[in-house]
1. Quick one: is V204 in contact with a strand residue (DSSP E or B) (Cβ under 8 Å, 6 or more places away or on another chain), over 30 Å from E101 (Cα atoms) and surrounded by fewer than 18 Cβ atoms within 10 Å (Cβ to Cβ)?
2. From the list A158, A117, A103, A146, which one is within 18 Å of T259 (Cα to Cα) and more than 11 Å from the chain's Cα centre (by Cα)?
3. For region 34-63, name all the residues that are closer than 20 Å to A257 by Cα and touching a helix residue (DSSP H, G or I) at 6+ places or on another chain (Cβ under 6 Å).
4. Identify the residue in region 105-122 that is open to solvent by less than 20 Å² (accessible area, probe 1.4 Å) and either among the charged types (D, E, K, R) or not in a loop (DSSP other than H, G, I, E, B) (or both) and, among all such residues, is farthest from L275 (Cα to Cα).
5. Look at E290 and say whether it is assigned to a helix (DSSP H, G or I) and open to solvent by 60 Å² or more (accessible area, probe 1.4 Å).
6. Quick one: how many residues across region 79-88 are in contact with a strand residue (DSSP E or B) (Cβ under 8 Å, 6 or more places away or on another chain) and either free of Cβ contacts under 8 Å to residues at least 12 places away in the same chain or under 13 Å from M32 (Cα atoms) (or both)?
7. Across region 25-56, what is the number of residues that are under 30 Å from L232 (Cα atoms) and touching a residue at least 40 places away in the same chain (Cβ under 8 Å)?
8. If P247 satisfies every condition in (1) under 23 Å from P87 (Cα atoms); (2) open to solvent by 20 Å² or more (accessible area, probe 1.4 Å) but one, which is the exception?
Amino acid sequence: MENAALWFRQFGHPEDVLTLEHRTLAARKPGMLRVKMRYSPVNPSDLIPVTGAYRHRVVPPKVAGYEGVGVVVEADNPALIGQRVLPLRGEGTWQQFVDCEPALAVPVPDETPDLLAARGYINPLAAYVMLKKWPVRGKTVLLTAANSSCAGLLAQWARGQGAQRIFGVHRSQNQIAALEQNGVTPVSINEVSVLKETARHADVIFDAVGGELATTLLQHLSVNAAFISYGLLSGQPYQLKTSLIGPQRFHLRDTLAVTAPEIWQRWFVELWSLLAKSQLPEVSLFALGEWREALREFAAPGRRRKPVLVF
């Protein structure tokens, strides 16, 4: 049996360095689950490591992809065969078969559709954990990259948690309506004076961009506010300059590395019910062999649909 997988063997632009390779499927190691993948989305967190941005902890050759849903097809425990799971924190998920430890496979409830489950890890768990660590009840929240999937969930769940007001930084006029429907007050990235004033009144900033935008916000943040850096979509670090606020870095991988699997497995029990009531972008489906088209869809200006690879 063969396994088709998207590998990167050097750092670079994903379209240039990713290759679809077919190899004979090795025998499963005892104790591991073998999961036949069904769907895996395309996220910034999948592509940024391919560029070399995290070369201190990501070393090629590797299979790309961090999340997705599949079905257990081999296991030491026959009762697990046929169960839908998220195979987390193991091999890359942009391949037909993923082997993972049973403790790191998150069971998917019967009532959760595949395409929702496939997107149930990176953005939802990050938003969920950040709001646990930095509660926002009664506070003013500012989100950068406000139209991203993670920021969209942060906005919805912050509102449910009792945030007083939520502002969202956007790049284009066609993003305003979606933000307002989500209960977010839009702030243009080009209106620097408004950005500065909003930062002064913010109690919590969740930043996924870094770079010049984060630097500007940090310079005008109240000394009692919290600045959480959870992404680097700009590809550039922020500068502290004269800021009195020390940014707090959040990375989901780091959090899970120091959290017992049974604890974050319990997080998912609550997360599935939250996701069932949440609004996520529509999806565009691409066969694995159409991965280049999926990446182009992902990079398209004003994109509103989430590209998802189908296995």
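1. So V204 fails the test.
2. Exactly one of A158, A117, A103, A146 is within 18 Å of T259 (Cα to Cα) and more than 11 Å from the chain's Cα centre (by Cα), namely A103.
3. Answer for region 34-63, where residues must be closer than 20 Å to A257 by Cα and touching a helix residue (DSSP H, G or I) at 6+ places or on another chain (Cβ under 6 Å): S45, V58.
4. Of everything passing the filter in region 105-122, A105 is farthest from L275 (Cα to Cα).
5. So E290 fits the description; yes.
6. The number of residues fulfilling the criteria is 5.
7. Total meeting the criteria: 17.
8. (1)
The values are calculated or read from the model by the stated rules, or taken from the named source; none is laboratory data. Just so it is clear, the model here is predicted, and its values are computed rather than measured. Neighbour counts are summed over all protein chains in view; Cβ atoms, including those assigned to glycine, are modelled from backbone coordinates with ideal geometry. To get the accessible areas, we keep the full protein, side chains included, count just its heavy atoms, and leave off ligands, DNA and RNA. Shrake-Rupley method; radii C 1.70, N 1.55, O 1.52, S 1.80 Å.
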